[in-house]
Amino acid sequence: VFAGAVLVRDKLRAAGYRVVMTKTHLDQRRDLAQRAAIANRVHAALALSIHDQAGPDGGIGFDAGNNIVYYQRVGDYRQTPSGRKIVFADRRVAALSKRYARIFAAQRHRAQGRPITVQGDVGYDLGSRGLAPGDIWTVQLLSHVPWIYNEAGGNSSGRSGLSKADQRRYADGLVAAAERCVPIEAVRK
């Protein structure tokens, strides 16, 4: 995934965008609050999470499933250990995030050749996975900018992880979407 993020960064920089990575190298540790704080601090026009479902036991095939784009939605929440719910409430960011998610799904579909699902919440209670209960990814909840969370099926055929070709297809879809969401002309103003 990090190699794919570097591809996205390099392509966007080559097109003239300023790209701020929340991690500058593979082994760098950043928690989700730190990642959201970086995007908030630089007033990012768009923030991306890039994920896949790779695994040594086969995981989900890159072309088979779990190709989802998540957006921020008013009312989605996470719960603190003390039981207090923190609810996403920024209507402006939610509207942009939803619009951008649809663009990401369309551009990823073109690049990857598979349908991409758009969701406003994760579709289940994250507490069932041992995380804080709720239905929004933490980084999206803490972000004050549109944050698009991209999930892709994870393993290329016959391997664990993504082949270079699948990394490129995924990155190409992400780049095309970012360019549509935030045209370079708007960035240069």
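The values are calculated or read from the model by the stated rules, or taken from the named source; none is laboratory data. Please read all numbers here as calculations on a predicted model, not as lab measurements. Every residue, glycine as well, gets a Cβ built from its backbone with ideal geometry; the counts of neighbours run over all protein chains shown. We work out accessible area using only protein heavy atoms, side chains counted, and drop any ligands, DNA or RNA first. Shrake-Rupley method; radii C 1.70, N 1.55, O 1.52, S 1.80 Å.
Taking Asp31 as meeting all but one of (1) within 28 Å of Lys164 (Cβ to Cβ); (2) at pLDDT below 95, write down the number of the exception.
Unmet for Asp31, out of (1) within 28 Å of Lys164 (Cβ to Cβ); (2) at pLDDT below 95: (1).
With the structure loaded, tell me whether Val87 is touching a residue at least 24 places away in the same chain (Cβ under 8 Å), among the β-branched types (Val, Ile, Thr) and under 21 Å from Asp31 (Cα atoms) or whether it fails that test. Explain how you work it out, then say what you get.
Numbers: touching a residue at least 24 places away in the same chain (Cβ under 8 Å): no; among the β-branched types (Val, Ile, Thr): yes; under 21 Å from Asp31 (Cα atoms): yes.
No: the conditions fail for Val87.
Which of the residues spanning the range 65-76 are assigned to a strand (DSSP E or B) and of a type in the set (Phe, Trp, Tyr)?
Step one: filter the range 65-76 for residues assigned to a strand (DSSP E or B), giving 68-70.
Scanning the range 65-76 gives a single hit, Tyr70.
It is to be established whether one or more residues within the range 166-181 are under 30 Å from Pro81 (Cβ atoms), open to solvent by less than 30 Å² (accessible area, probe 1.4 Å) and among the aromatic types (Phe, Trp, Tyr). Steps first, please.
Of the residues in the range 166-181, the ones under 30 Å from Pro81 (Cβ atoms) are none.
No - not one qualifying residue is present in the range 166-181.
Which members of the range 1-18 meet the condition of being in contact with a helix residue (DSSP H, G or I) (Cβ under 6 Å, 6 or more places away or on another chain), at pLDDT 95 or above and within 28 Å of Leu131 (Cβ to Cβ)?
The answer is Val8, and nothing else.
What are the residues in the range 5-34 that are open to solvent by less than 40 Å² (accessible area, probe 1.4 Å), under 15 Å from Arg168 (Cα atoms) and of a type outside the set (Gly, Ala, Ser), if any?
Answer for the range 5-34, where residues must be open to solvent by less than 40 Å² (accessible area, probe 1.4 Å), under 15 Å from Arg168 (Cα atoms) and of a type outside the set (Gly, Ala, Ser): Val6, Val8, Leu12.
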